[in-house]
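*Asks:* The structure's right below; bear with me while I get my questions together.
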Amino acid sequence: MLLFFGGSLYMSIRISRRRENADGYMTGGGKIGFGISAASMTATWIWASSMYASATSGYTYGISGPIHYGLWGALMILLIYPFGRRIRAVAPKAHTIAEVMFARHGRSSQLMLAGSNVLGSLISLTSNLIAGGALIAMLSPFTFTQGIVAIAIGVLAYTLWSGFRASVLTDFVQVLAMLGAVAILIPVIFFAAGGPDLFVTGAQNLTPQQGDFFSSDAFFNQGAPYIAAVLAYAIGNQTIAQRLFAVREDLIKKTFVTATVGYGATIIGVGMLGVIALYAGIEPMGGDVNNLIPQMAATYLTPILICVFFVMIIGSLSSTADADMTALSSIMMADVYGQNIAGKKNANPRTMLVVGRLTMVGATAAALGFASMQFNILDLLVFVGAMWGALVFPVIASFYWNRVTNVAFSVAVVAALATFLPVRFEWVDLSGGLGIVSDVLSVIGIGVVLGLMAFGFFGLRVALVVGGIATVASAPFAIGFLHTYPVLSGSLVAYAVSTTVCVALTMLNKDRRFDFSVIRQRTGDFDTAETAGAAGAAGTEIVAEAEGVVKDADASYTGKEQ
């Protein structure tokens, strides 16, 4: 741990500046190249929690579990680039999606997206500390609490000063270490546990559903909820958005396609540890599935390979934990201080850096408190994905449809969350008429999810056809039983309600049309003194204000109202 975190801290110190740049602290200036960007995206999403959750899925659902987890998680990364190119086109120098929503709609939409990301990043940071604590408690004399404290301090130490710049640089080294470790460790554990013969001798340890590659249990409990969640993670997550705004605009597709392949192969491979444990008849220590991966390592690896395994897990959780810290700091810097406290024109870059660093310290302390409760990682991840599902359609529509209003966005998100929570946590009895209503909404949600995926790659016409066919085709099979899967139903209901409400309220807007070019004007660098002299910057601002006095009164809209 001293070598790993000490090396990361050394790298961070080498790139540090005496006077850090606020924009560089949040997005690296938006000019990061392909190699660093692809490695950072891959490392960020090959997190310890995803490794643990994939193994849990393999242990719970059999051989199809890791495939459902890893394949659809990889699809999430792939889905970013078509929407990402549109987002960067209208807001090339933004720092957060919430910042763009402020320019597009106003404060309520911004705070909804920012608030969901604060919660999501805290949960993500917590789950990574849980994974690391379980590892250290299993493989060392230290306790779980000592483990999570050591990891939290280690990650905070190398991330605190340089922020996002330190995160992406260390990601590059960490992803190389992780991929190398996976390529070595998975085959070693497989053959140590019995090799190909294990699938014969251990078959009796599986239920019929666990032994079925096309298991309906695995699909409805694992695969389908993740298909529904992939768009939510792609669109709502600030750790992704931060890398979207950081990479050079012409490298977006190349970066995310590369990360898709790296993530999918690695996570499916690690998930097979859970399948091996299932066939070998291993019971998770203490009945806690979070202990499964370190338990497999302790059982089958030599001390040297355990060190390699340790680097793999610590690298994966560190790369995501620092991404969560930098995501939280950018939200507090750009959205809370930069837009809502000081205002875009009056924000002080030096104060922003203080806000960002204090945010990292506070987030680490909060995550340590939550981690001590030791939640189930898989449940945390599914909850966050479904929560972001309420935001997906309003956010996407806001970048393409000039009639979407702040009211349509806000009401749609609130209504979706209000229906998601009772269904997801089974607060109401869905066995009667409410179950049918839930199923009908879920069927609409199926059409929305598949339609949005098609829209990203093929446009509106294909999306409408795909969504319509998916809704009609799934209705006879889904209505009447889908409510028995609350995780899946909750996600689909959130999509359906947010889409229906957003479209209905948007159609009521007959006159107001948003001018997307305004977003480029309302978002941009805070630390302008880094790129221009103070006098030149002031002169530019005066000219811009003189030319746009009337336009700024209501630059957002064109048409009869203007």
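The values are calculated or read from the model by the stated rules, or taken from the named source; none is laboratory data. Owing to the predicted nature of the structure, the values given are computational and were not obtained by experimental measurement. As a convention, Cβ positions derive from the backbone with ideal geometry for all residues, glycine included, and neighbour counts pool all protein chains shown. All accessible areas refer to the heavy atoms of the entire protein, side chains included, with ligands and DNA or RNA removed. Shrake-Rupley method; radii C 1.70, N 1.55, O 1.52, S 1.80 Å.
*Asks:* Regarding the range 404-481, what are the three Cα extents along the principal axes, ordered largest first, in Å?
*Replies:* 39, 35, 15
*Asks:* Label Leu3 and Trp401 with points 7 Å out from Cα along Cα→Cβ: what is the distance between them in nm?
*Replies:* 5.6
*Asks:* Restricting to Cα pairs below 8 Å that are 6+ residues apart, what does the relative contact order work out to for the range 396-515? Please round to a whole percent.
*Replies:* 43
*Asks:* If you plug each phi of the range 433-449 into the Karplus form 6.51 cos²θ - 1.76 cosθ + 1.60 with θ = phi - 60°, what whole-Hz ³J(HN,Hα) values come out, in order, with x for Gly and Pro?
*Replies:* x, 4, x, 5, 4, 4, 5, 4, 4, 5, 5, 4, x, 4, x, 5, 4
*Asks:* Just to verify a number: FRET efficiency for Arg17 and Arg85, C-beta to C-beta distance, R0 = 25 Å, to 0.05?
*Replies:* The pair Arg17/Arg85 has a calculated efficiency of 0.25.
*Asks:* Now for a separate question. If I model a spin label as a point 7 Å beyond the Cα along the Cα-Cβ vector, how far apart are those points for Phe214 and Phe458 in nm?
*Replies:* Rounded to a tenth, the inter-label distance reads 2.3 nm.
*Asks:* In addition: How many percent of the accessible area of the chain is carbon or sulfur, using a 1.4 Å probe?
*Replies:* Carbon and sulfur together cover 68 percent of it.
*Asks:* If each of Val428 and Phe477 carries a label point 7 Å out from its Cα toward its Cβ, how far apart are those two points in nm?
*Replies:* 2.7
*Asks:* A further question follows. Would you work out if the range 91-228 is rounded, prolate or oblate? Take a ≥ b ≥ c from the square roots of the eigenvalues of the alpha-carbon gyration tensor; rounded if a/c is under 1.5, else prolate when a/b is larger than b/c, oblate otherwise.
*Replies:* In terms of gyration-tensor shape, oblate.
*Asks:* Can I ask one more? Under 8 Å for C-alpha pairs, at least 6 residues apart: give me the relative contact order for the range 86-171, rounded to a whole percent.
*Replies:* Reported relative contact order: 14 percent.
*Asks:* Further question: What percent does the relative contact order of the chain come to when contacts are Cα pairs within less than 8 Å and at least six residues apart?
*Replies:* 26
*Asks:* Sticking with this structure for a sec: Using the Karplus curve 6.51 cos²θ - 1.76 cosθ + 1.60 with θ = phi - 60°, work out ³J(HN,Hα) for each residue of the range 116-121 in order, rounded to whole Hz, and write x for Gly and Pro.
*Replies:* 3J(HN,Hα) across the range 116-121, in whole Hz: 5, 6, 4, 5, x, 5.
*Asks:* Moving to a separate point now. Quick one: if the Förster radius is 30 Å, what FRET efficiency do Tyr10 and Asp288 give, using the C-beta to C-beta distance and rounding to 0.05?
*Replies:* For R0 = 30 Å, the calculated efficiency reads 0.30.
*Asks:* Here's something else I'd like to know. Between Ser140 and Phe199, what length comes free when the chain is fully extended (0.36 nm per residue of separation minus the Cα-Cα distance, one decimal in nm)?
*Replies:* 18.1 nm
*Asks:* Right, next: Through the Karplus equation 6.51 cos²θ - 1.76 cosθ + 1.60, θ set to phi - 60°, convert the phi angles of the range 94-109 into ³J(HN,Hα) values in whole Hz; use x for Gly and Pro.
*Replies:* Coupling constants for the range 94-109: 6, 10, 9, 5, 4, 4, 5, 5, 5, 5, 7, 10, x, 5, 5, 5 Hz.
*Asks:* Rounded to the nearest angstrom and ordered from largest down, what semi-axes does the equivalent ellipsoid of the range 1-105 get from its C-alpha gyration tensor (root of 5λ)?
*Replies:* 30, 24, 11
*Asks:* Alpha carbons only, please: Rg and Dmax for the chain, in angstrom.
*Replies:* Computed over the Cα atoms of the chain, radius of gyration and Dmax are 23.6, 80 Å.
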